[in-house]
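Enquirer: Just passing along the structure, written as structure tokens.
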Amino acid sequence: MARSYSIRIFTASVLFAALTSLPAHAVSKDMIQLQTQVQQLQDAVALLQKSNDESFGMLKQLIQQTADSVNSMSTTVNGLKLSMQNQQEAIGASNQQLAGQVQSLNDSIDELKARMDHMEKALGGIQSQQQTTNGILSNLPQGNPAGGASGAPSGPPSAAPNAAPNNSPGPAPGSGMDNSGNNPPAGSSPHGALPANAEPIPAPSAAPQQPSAGDMYRGAYADYISARYPLATSEFSDLIKAYPDDNLSGNAYFYLGEMATRAHKPTVAIKNYDEVLTHYVDNAKIPSAELHKAQALIDTHQNDAAERELHALIQRFPVSPEASQARAKLNSLRAHE
């Protein structure tokens with residue numbers, strides 16, 4: 001509008017200048033021509049104004065369409081972001097479930113190893129008893145020193161009705177009687193093969209032994225999976241005291257940390273997980289201990305330490321299920337910063 005007004009003023013100025021400069025005899029003809037030109041100029045200005053209005057309307061419509069497209073794209077991006085977040089949560093839950101299954105499998109393997117250790121101990125005891133029995137049997141004589149047969153029966157012979165009387169000066173071999181026909185004194189050999197002054201062989205006695213690490217671990221783990229946590233805590237502690245260098249003691253520290261976590265004692269849990277990470281470097285519970293320690297650090301608002309622990313877990317065990325959970329936890333921590 002301002003431009004149109006300026007053009008009109010300019011046209012009027014030109015017209016006025018023309019009128020003042022023309023001679024008197026040509027005023028009428030030039031005036032008509034000038035009015036025609038002014039009218040044409042006004043028509044051109046109106047057409048230009050209309051064209052400008054149409055262009056402005058189209059531009060406004062394009063801007064509105066662009067804004068609608070941006071809003072639509074923003075909605076789509078938000079939907080994709082939510083979908084990706086749901087997928088990540090689903091993957092994290094799946095990884096956590098897989099980690100639980102792997103941990104359960106490790107526990108079953110540990111229990112199976114403990115049972116095999118117990119069976120080996122029992123087999124060793126049976127072999128030791130068998131060797132002792134064989135040693136005792138090998139010390140027994142194979143026959144009567146007086147020249148009797150080695151296969152003579154140990155009990156008194158049965159008297160057959162038509163048997164011939166025994167004319168030998170001594171008792172029958174293996175009859176269990178001495179030369180005077182009386183029973184031998186208590187403590188002497190019933191076979192008559194040992195000398196009179198020989199002492200009786202004492203029966204082997206099994207000395208009480210401390211339970212093996214496998215036996216102690218199996219009992220403590222059975223109480224743990226049965227949710228008898230006070231008893232399991234005591235038994236795992238006894239295992240650690242009895243076998244501090246055994247790898248099963250590392251498992252014991254791990255389950256002590258698990259029970260402390262369930263009791264809402266993250267500080268105690270961190271100490272037990274640290275024992276596994278520090279003193280049992282080859283233990284199968286290392287990835288789980290590091291992941292659960294990071295969660296305990298998060299629970300105590302030590303996010304920086306938790307991030308360091310999660311990065312260490314990913315670096316040491318990059319393809320483990322625990323590493324996948326560690327990545328999900330790192331993303332969650334960064335999202336809340």
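Enquirer: Would you mind finding the one in L137, L112, L82 that is closer than 30 Å to N331 by Cα and either among the acidic types (D, E) or modelled with pLDDT of 70 or more (or both)?
Expert: That would be L82, the only listed residue that is closer than 30 Å to N331 by Cα and either among the acidic types (D, E) or modelled with pLDDT of 70 or more (or both).
Enquirer: A further question follows. Suppose the filter is more than 22 Å from L297 (Cβ to Cβ) and open to solvent by less than 50 Å² (accessible area, probe 1.4 Å); does A227 pass it? First the steps, then the outcome.
Expert: Details: more than 22 Å from L297 (Cβ to Cβ): yes; open to solvent by less than 50 Å² (accessible area, probe 1.4 Å): no.
In short, no.
Enquirer: Next question, about the same structure. Which one of these does K285 not meet: (1) open to solvent by less than 30 Å² (accessible area, probe 1.4 Å); (2) modelled with pLDDT of 95 or more; (3) in contact with a Phe, Trp or Tyr (Cβ under 8 Å, 6 or more places away or on another chain)?
Expert: Condition (2) is where K285 drops out.
Enquirer: Same structure, new question: Assess whether L248 counts as being open to solvent by less than 70 Å² (accessible area, probe 1.4 Å), more than 20 Å from N95 (Cα to Cα) and not in a loop (DSSP other than H, G, I, E, B). Give the steps one after another, and end with the answer.
Expert: Working: open to solvent by less than 70 Å² (accessible area, probe 1.4 Å): yes; more than 20 Å from N95 (Cα to Cα): yes; not in a loop (DSSP other than H, G, I, E, B): yes.
Taking the combined requirement at face value, the residue satisfies it.
The values are calculated or read from the model by the stated rules, or taken from the named source; none is laboratory data. Values in this document were obtained by computation on a predicted structure and should not be read as measured data. Here the Cβ is made from the backbone with ideal geometry for all residues, glycine too, and neighbour counts use every protein chain on show. Areas reflect the complete protein model, heavy atoms only, side chains present, ligands, DNA and RNA absent. Shrake-Rupley method; radii C 1.70, N 1.55, O 1.52, S 1.80 Å.
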